[in-house]
Each structure stands twice: as structure tokens, then as C-alpha cells.
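Below is one structure, written out as C-alpha cells, with a few remarks after it.
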Amino acid sequence: MRFEFSAGGIVHKKEAGSIYILLGQHSGHKGWVFPKGLIGDHKKGEGKEEAAIREVKEETGVEAKIEKALTPITYWYVWDEEKRRKTVYYFLMKAVGGDVKKHDWEMSQVKWTEKEKVEQTLTYPSDKKVWKEARKLLK
């Protein structure tokens, strides 16, 4: 059994009076998710916040700033026949720049989704759980 720690963001922007949330379709499992990735896999001593900002930029092409930490989520999955317990530290983030066309290979698609359509677009229960918390903060 292995323990993994990741960080990511629920990134929002306001446009024409509506709130949009950044979602990506993972190129491997094809699920619609929030951008996230392993903490410290690029830089020794990397913190949660730094990893979240980096992963959002890498996976989606969007630059974002952290507004608030959300309750971490934990789930189990199997990779290469090994059971893994993953904890993800998500942050509510505001888009400040970038371009979704500049996302990396980990996402086959990246899109801005209307706030009201996020829950039905997300694939996994863990993302839906953290979305419920973030949604309450977005008025």
C-alpha cells in the first residue's frame, strides 16, 4: 500500500455576470475532473499551495491565485496492482491569466463550465464532494 499527496484547484472566473469553473477531461481515464497533481514530484520541499498553482497551470494553461483552502479529500485506487490511498488538498482559486489552449498532455480537453453544470459534468464522487464545499463559497 502506498500513500500519495496531491494538490489542485477549483478555479473560477466571472464573465458577463455568470460564474464559470475550470474542468479538464483526463487523457487517460477520460473522466472530467478538477486539475491536480502530486506534491513534490517536480521540486523537493514543494508546499501544497505551490503544487496547486503549478498543477493548475500545467494541466490547464490557466494561471490562478489561491483564495481559500478547502477540506482535503481522501480516496483509494489501484495502480499497477498496488492499492493507494490518495489525499488531495484542493484550493478555491481565481483565474488571473493564461489560456486553456495551452494545457499539457494530461488533459485531452479543458473547458470553462457554467457553475450550474459543474456537478453533472464531474465524473467522480470525490470531486463532487469538494465541489459542494466550493460552490457554497461562490456567490
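Of note:
- Other residues whose C-beta falls under 10 angstrom from the C-beta of E119 contribute a net charge of +3, scoring Lys and Arg +1 and Asp and Glu -1.
- Distance violations [Cα-Cα > 31 Å] among K83/K115; K44/K136; K48/K102; K102/K139; K14/K83; K14/K129: K83/K115; K44/K136; K14/K83
- Per-pair calculated FRET efficiency, R0 = 35 Å: E81 and E114 via Cβ, rounded to 0.05: 0.30
- Cα-based shape type of the range 68-117, given that a ≥ b ≥ c are square roots of the gyration tensor eigenvalues and the cut on a/c is 1.5: oblate
- Loop-located chymotrypsin sites (Phe, Trp or Tyr not before Pro) in the range 58-113 whose Cβ has at most 12 other Cβ within 10 Å (DSSP): W105
- When the chain is treated as a Gaussian network with alpha carbon springs shorter than 10 Å, the biggest mean-square fluctuation among K30, K83, K14 belongs to K83.
- Charge context of W131, other residues only, Cβ under 11 angstrom, K/R +1, D/E -1: +3
- If you take all other residues with their beta carbon under 9 Å from the beta carbon of R84, and give Lys and Arg +1 and Asp and Glu -1, the sum is +2.
- Among L138, L122, the order by Cβ neighbours within 10 angstrom, fewest to most, reads L138, L122.
- When DSSP beta bridges are restricted to pairs lying wholly in the chain, around 75% turn out antiparallel.
Read-outs throughout are calculated quantities, based only on the coordinates presented, and are distinct from any laboratory measurement. Treat the numbers as computed from the prediction; the structure is a model and nothing was measured. Neighbour counts run over all protein chains shown; Cβ positions are idealised from the backbone, glycine included.
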